[in-house]
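Peer 1: The following block contains the structure, expressed as structure tokens.
The values are calculated or read from the model by the stated rules, or taken from the named source; none is laboratory data. The model shown is predicted, which means the values in this text are computed figures rather than measured ones. Using ideal geometry, Cβ is built from the backbone for each residue, glycine included, and neighbour counts are taken over all protein chains shown.
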Amino acid sequence: MGFPYDDMRSFIDDLEKEGELIRVQEEVDWNLEAGAIARRLAELTQGRSVKKGGQPAAVFENVKGYPKGFRLAVGTHYNPKRVSLAFGLEDSDHRTLQDLQKAFIDAVDHPIKPVVVKNGSCKENKLFGDEVNLYKFPAPMVHEGDGGRYMCTLHFLVSKRLDSDWTNWGMYRAMIHDKRTLGGLFIHSQHGPDIYYEYEAADKPMPFAIVIGADPLSLFFSAAPLPRGLSEVDAVGGARGKAVRMVKCETNDLMVPADAEIVIEGVVPPRVRAYEGPFGEFTGYRASPRDKRPVYAVKCITYRNDPILTMSCMGVPVDEGDIVWSVGLGSMYKRSLINAGLPVVDVNLPPEASGVLTVVSTKTPYRGIAHTIANVLDGEFKMVSMSQHILVVNDDVDIFNIPELLHTWASRVHPERDIFVRRGRPGLPLAPWADLDERQKMTAPSALYDATWSLDWSPEIAIPPKAAFKSIFPVEVQEKILSKWLSYGFNAV
Ligand SMILES: Cc1cc2nc3c(=O)[nH]c(=O)nc-3n(C[C@H](O)[C@H](O)[C@H](O)COP(=O)(O)O)c2cc1C
Ligand SMILES: [Mn+2]
């Protein structure tokens, strides 16, 4: 079908045509086998396309103990090439994280509202009341040591603010408690959790829909911190250049994409908690303990014939979480810093750092701009969930070049003067470096590293010149060498 995709299936078909996905006919167990394959694919792929040495994504067509047709998909967003296809970018083989950031920011700045349609393929099968059984789907036991089978690892939660038109889509993991109940992790200051706490304060159950396997951009935007009040579906419409088609839920007034694979409907009741987790997380560790967390009481499930359950096996980089943070968070941080009038050049959350490191390159018109940058991000994004470490560098550094970035960090941060330990802020409950008490109370400390040269230092005598081809040779010498490169006998670059 090609871009824009109306559903996950047509995207999967295109990934297959591009050589970026295979269909596995061999029997695969939902119990650890699917997760372990997904993990190995991520670790071998490292964000590369198949042409450049990565492994394909996979649809498991034959899941142990399940009827034919009930399928699992992994790896659909493991590299920028697949995401570029989802965005409809030409020349997807050569697209960079920066190209994707640009497409993401454009979409947020040019949203398109969804359209409501009467019917959709997500209504092909309907389960109500006693028929509801989450185990009907091959929800995976993703990693060893997880608290249970996770139905929702690559999906989004639809919820609507009390007394407002703002409908939020957000990705918050959910585990099966029993055939009609899910439970999940709500990290403070995220939109979905904030909306739930509003209902809870009013002593009302929060109606929800969980959508699995909608078009490939939906989950990408659902996992990023869009501006408060902007409905993710409008940004997805913007990215598609075409409105998303939506149908009404069976048991509440929420709208869901018409051709989603699986839709779970129900309520999150106030003041009910059940033990959820632990789970292997995006930081590359299983750090947040089993704890009492909100529950989803399921009233209805609708699904397409031969449904595809998308899943993520998060862990060490690079998996889809790392790509999503890099593009989604990177875009939103850059947009907000530039909108705040700061002379920021680039923002990179290197996928290799699991999204907990934010690097900003900037001009330095005044002393301490690194703190202004951190404060803007704190204010707008609260920074609870991601980007616990912020590294600010001068704009001579290409922060998308990881060796250059590491060299800068190692060579320009004064250990006494340039590292600012940040305590007392809300912290990441999943922070692997924090002690258990800090993780449970969400008070993990974080740090700001100011790698910009001191404005007091004289460029002539105190700032060490960089001994790089581009900076420590006269332009004439550089040009001569570039023009003669091949005649010297060296390889083309
Ligand atoms: C695979 C995946 C799983 C995630 N799981 C959770 C989670 O369990 N709880 C949570 O609060 N955020 C989780 N996130 C992060 C949120 O999706 C992300 O911060 C997003 O901005 C939330 O949407 P919101 O800004 O509308 O709240 C997850 C992200 C991904 C990619
Ligand atoms: Mn949101």
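Peer 1: So, of the residues in segment 369-385 that are in contact with a strand residue (DSSP E or B) (Cβ under 8 Å, 6 or more places away or on another chain) and either crowded, with 23+ Cβ neighbours inside 10 Å or not β-branched (Val, Ile, Thr) (or both), which turns out to be modelled with the lowest pLDDT?
Peer 2: 383
Peer 1: Moving on to the next point. Applying the selection to segment 157-193, what residues are in contact with a helix residue (DSSP H, G or I) (Cβ under 8 Å, 6 or more places away or on another chain), under 18 Å from residue 256 (Cα atoms) and within 8 Å of ligand 1 (Cβ to nearest atom)?
Peer 2: Passing the criteria: 168, 169, 170, 171, 172.
Peer 1: Within the set of pairs 6+ apart or on separate chains, which have a first residue in segment 93-118 that is of a type in the set (Phe, Trp, Tyr), a second that is part of a helix (DSSP H, G or I), and C-beta atoms under 6 Å apart?
Peer 2: 104/327; 104/331
Peer 1: Could you tell me which residue of segment 188-206 is farthest from the chain's Cα centre (by Cα), considering only residues that are within 13 Å of ligand 2 (Cβ to nearest atom) and in a loop (DSSP other than H, G, I, E, B)?
Peer 2: 189
Peer 1: Report those strands (runs of 3 or more DSSP E) wholly inside segment 357-449 carrying at least 1 residues which are touching a Pro at 6+ places or on another chain (Cβ under 7 Å) and either farther than 30 Å from residue 469 by Cα or assigned by TED's automatic domain parsing to the domain that holds residue 284 (or both). Show your work before the answer.
Peer 2: Values: elements: 357-362, 389-394, 419-422.
Strands (runs of 3 or more DSSP E) meeting the threshold: 419-422.
Peer 1: Within segment 313-324, is there a residue that is within 16 Å of ligand 2 (Cβ to nearest atom), closer than 30 Å to residue 249 by Cα and not acidic (Asp, Glu)?
Peer 2: yes
Peer 1: Considering only segment 212-240, state which residues are crowded, with 24+ Cβ neighbours inside 10 Å, within 14 Å of ligand 1 (Cβ to nearest atom) and outside any loop (DSSP other than H, G, I, E, B).
Peer 2: 212, 216, 217, 218, 219, 220, 221, 222, 232, 233, 235, 236
Peer 1: Regarding segment 399-407, can at least one residue be identified that is loosely packed, with under 11 Cβ neighbours inside 10 Å and modelled with pLDDT under 95?
Peer 2: The answer is no, given that none of the residues of segment 399-407 is loosely packed, with under 11 Cβ neighbours inside 10 Å and modelled with pLDDT under 95.
Peer 1: Could you tell me which numbered condition residue 189 fails, if it satisfies all but one of (1) touching a Lys or Arg at 6+ places or on another chain (Cβ under 8 Å); (2) buried (at least 21 other Cβ atoms within 10 Å of the Cβ); (3) within 26 Å of residue 379 (Cβ to Cβ)?
Peer 2: Of (1) touching a Lys or Arg at 6+ places or on another chain (Cβ under 8 Å); (2) buried (at least 21 other Cβ atoms within 10 Å of the Cβ); (3) within 26 Å of residue 379 (Cβ to Cβ), only one is false for residue 189: (2).
Condition check ((1) away from ligand 2 (no atom under 16 Å from the Cβ); (2) small (Gly, Ala, Ser); (3) on the phi > 0 side of the Ramachandran plot) across all residues:
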| residue | (1), (2), (3) |
| --- | --- |
| 228 | no, no, no |
| 232 | no, no, no |
| 236 | no, no, no |
| 253 | yes, no, no |
| 259 | yes, no, no |
| 263 | yes, no, no |
| 268 | yes, no, no |
| 271 | yes, no, yes |
| 278 | yes, no, no |
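Peer 1: Answer yes if at least one residue in segment 246-263 is closer than 19 Å to residue 186 by Cα and assigned to a strand (DSSP E or B), and no otherwise.
Peer 2: No, segment 246-263 has no match at all.
Peer 1: Still on this structure: Residues of segment 200-211 being farther than 28 Å from residue 70 by Cβ and either within 9 Å of ligand 1 (Cβ to nearest atom) or surrounded by 21 or more Cβ atoms within 10 Å (Cβ to Cβ) (or both), which ones? Reasoning before the result, please.
Peer 2: So the first thing to find is which residues in segment 200-211 are farther than 28 Å from residue 70 by Cβ, and the list is 200-206.
Result: 206, single match.
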